[in-house]
Structure formats: C-alpha cells, structure tokens
Amino acid sequence: MKTRSTFSALLVVLSLAGCAQEDRERTDEDYQRLLQSHPSLFKAPVPLGTAFNKEVSFLKKTGQISKGQFNKISTAIDKSTVRFDVPPAILWCLLYQESRFDVFRNATEPNLARGIGQFLQRALDELNEDPDLFAKGTKDRLNEVIKPEPFPIAFSIYPESALRSIQLGKTTKIPMQSKNSYYRIETGIAASAAYLNNRYRQLASALRKNKIGYHPDLLWLYAVAAYNKGTRAVFAVLNGERTVKGIDGLEDLLTNPTNTYSLLTDTKLLDYRLRPIWGINKRRRYAQEMSKNFEMIYSCAFGEEK
C-alpha cells in the first residue's frame, strides 16, 4: 500500500521522465560516463563542523544529554549507517538538526513531527505498510533492530505516566521504551536511516530510469532535502531546473557540489520551483525551511560554515 505522499511524488517522477525524453535520447554510454564515481565526498565517520562539536559539548555540559544516552546514540548511528548504507556524517547531522538528539521531542503532540528524526505519521506508515518499496530488504533490516517485538513500529510510550514527565521536560528517568517504539533510541535512529535511504533510492531510481547522470555521493544531499520536505518537492525543483537548463544542465547540477549548494540554499529560487505543489504562503515558508535545514546539515557534515 502506497501512502498519499508516495503517490504524489511518483506523479512528479512521471513529469520529470517526460521532460527528459523531450531533450534527446540518451545512450547507455552517455549515462555510464556521467555516473563514473569521483573521489568520495562522504567518507567522514563523524561530522566535521566545528559548530556541531561545540553544541554537542554544550548539550553534555548542561545535562541536556547524558553521557550514556550519547553513547547509545553514537552506537545506533554507527550500526544504522552500515545497515542502511547511509553516510555517517549526514545521518549524524540530520538527526541533530531535526531534534538536537531529543528522543521524546514533541512526543505528546500527535499532529507534529516527533522523536529523534522528527517523523510524521506518514513516514512510519511508509515503513510499516510497504517497507521494501524503494529498497529491498528494508523490513528485514528493521526487524533486526526490533526483534523479538513485532511490526509495526509505533509512536508508543511506556508507561502512560511518562507522558506527564515528557510534558514537563523530565525525560532522564523514563524507562527504556519497547523495541518497536520509535521513542527507543536504536529503533528511532534505524527508522530514520531507513527513511533517508528510501528517499535516496527513490531519487536514484527515477534518474536511472531516464538515463540522467548524477554523482552517487552528491545525491545524498538531495535525499536530505527530500527527507525534510518530501521527494515530490525535490522532483519539482529538479524538473524546473531541467526545463530551464536542459538535461545537460540538470546533469551538471547533479554532479557539481557547488551548484547543488547554491540551488538548495537559494530560498527565492526554491520558492519559485515549488509553485506546482503549494500555495504562496506555505511554499514560501517551506522554501525557507528547506534552505535553512539544508545549509545547517551541510555545514555540520562538511565543516564549511558559509
């Protein structure tokens, strides 16, 4: 069963596919030439940003995150990056930007994004209802994390009395959550990594299908944007760029880190590209959020404070 957000994103994929065919027929040789891997941009096992490291030290010093909790987060990230094949620094920075590693963030607010990876209900629905839609084996890998507890992963909190403690911000003494709860550190991080990997696979599949070249490492930056505002938003942006610059211009964008950064931090351009999806007020707010979120994660991961 596909969620509504997945269906909407696939509609935009079809739009991207149709536009690509209008430019020129691409050969396998063209595609393979553009897909040749450059030296990896994403091998760092931890974020390189100085601001990130300073803020993590501050969280520890002020007791907002305990040494034990941070060690659990670190171990879970290490395991999830291997299990779901995501770049370590990217996952570190995404989770930090989303929640400052607050496992119970917005846990009592069902209409808001919740937990360490700031999941909406539809993100859990994707993983629970069709976990292998974009990457085969996702369910098996998630089961490794939550066994012997069964699917689905849920926004469950144990015991009920913990809800009051969360509302008061007193979460240090809340018992460990069940393995299939998104509020368990290991489960929340694994689910977030799986969802990020799905965004990457969804983008890569559409580009490969249409023989559009991309840098396989650089595509993670677009996956980060898709995690934040949905894959259909990224498709809308790329489709708009292709319309203006053609397929060669789109491929240059997808293989050039400088141009990628310029695009994904250009609030006005993002606002313009998102017109097919949202009305003026929402898209302006989302364009600003998308740009700020990307810039923070980029500088956190690569240590290039702009």
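The values are calculated or read from the model by the stated rules, or taken from the named source; none is laboratory data. These figures come from a predicted structure and were not determined experimentally. A quick note on method: Cβ atoms are made from the backbone with ideal geometry, for glycine too, and the neighbour counts reach across all protein chains shown.
Data for the structure
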quantity	calculated
Failed condition for Asn53, given (1) more than 21 Å from Cys300 (Cα to Cα); (2) without any contact (Cβ under 8 Å) to a residue 12 or more places away in the chain	(1)
Condition check for Lys179: assigned to a helix (DSSP H, G or I) and either under 17 Å from the mean Cα position of the chain (by Cα) or free of Cβ contacts under 8 Å to residues at least 60 places away in the same chain (or both)	no
Subset tally (residues that are surrounded by 14 or more Cβ atoms within 10 Å (Cβ to Cβ), over 19 Å from Pro88 (Cα atoms) and at pLDDT below 95) for region 279-306	0
Among the residues listed as Thr187, Thr171, the single one being out of contact with any strand residue (DSSP E or B) (no Cβ under 9 Å at 6 or more places or on another chain), surrounded by 16 or more Cβ atoms within 10 Å (Cβ to Cβ) and over 30 Å from Leu238 (Cα atoms)	Thr171
Residue count for region 182-233, restricted to those that are in contact with a Gly (Cβ under 9 Å, 6 or more places away or on another chain) and either small (Gly, Ala, Ser) or not in a loop (DSSP other than H, G, I, E, B) (or both)	10
Only listed residue being more than 25 Å from Gly63 (Cα to Cα), in contact (Cβ under 8 Å) with a residue 40 or more places away in the chain, of a type outside the set (Gly, Ala, Ser) and crowded, with 18+ Cβ neighbours inside 10 Å, chosen from Phe134, Phe119	Phe134
Failed item, numbered, when Ile247 is tested on (1) assigned to a helix (DSSP H, G or I); (2) crowded, with 23+ Cβ neighbours inside 10 Å	(2)
From the options Glu251, Glu186, Glu160, residue that is of a type in the set (Asp, Glu), in contact (Cβ under 8 Å) with a residue 40 or more places away in the chain and under 30 Å from Leu112 (Cβ atoms)	Glu186
Evaluation of Leu142 against (1) within 30 Å of Lys54 (Cβ to Cβ); (2) without any contact (Cβ under 8 Å) to a residue 60 or more places away in the chain; (3) of a type outside the set (Phe, Trp, Tyr) (one fails), failing number	(1)
Candidate set: region 70-84, residues that are more than 10 Å from Arg141 (Cβ to Cβ) and polar (S, T, N, Q); chosen: the one surrounded by the most Cβ atoms within 10 Å (Cβ to Cβ)	Thr81
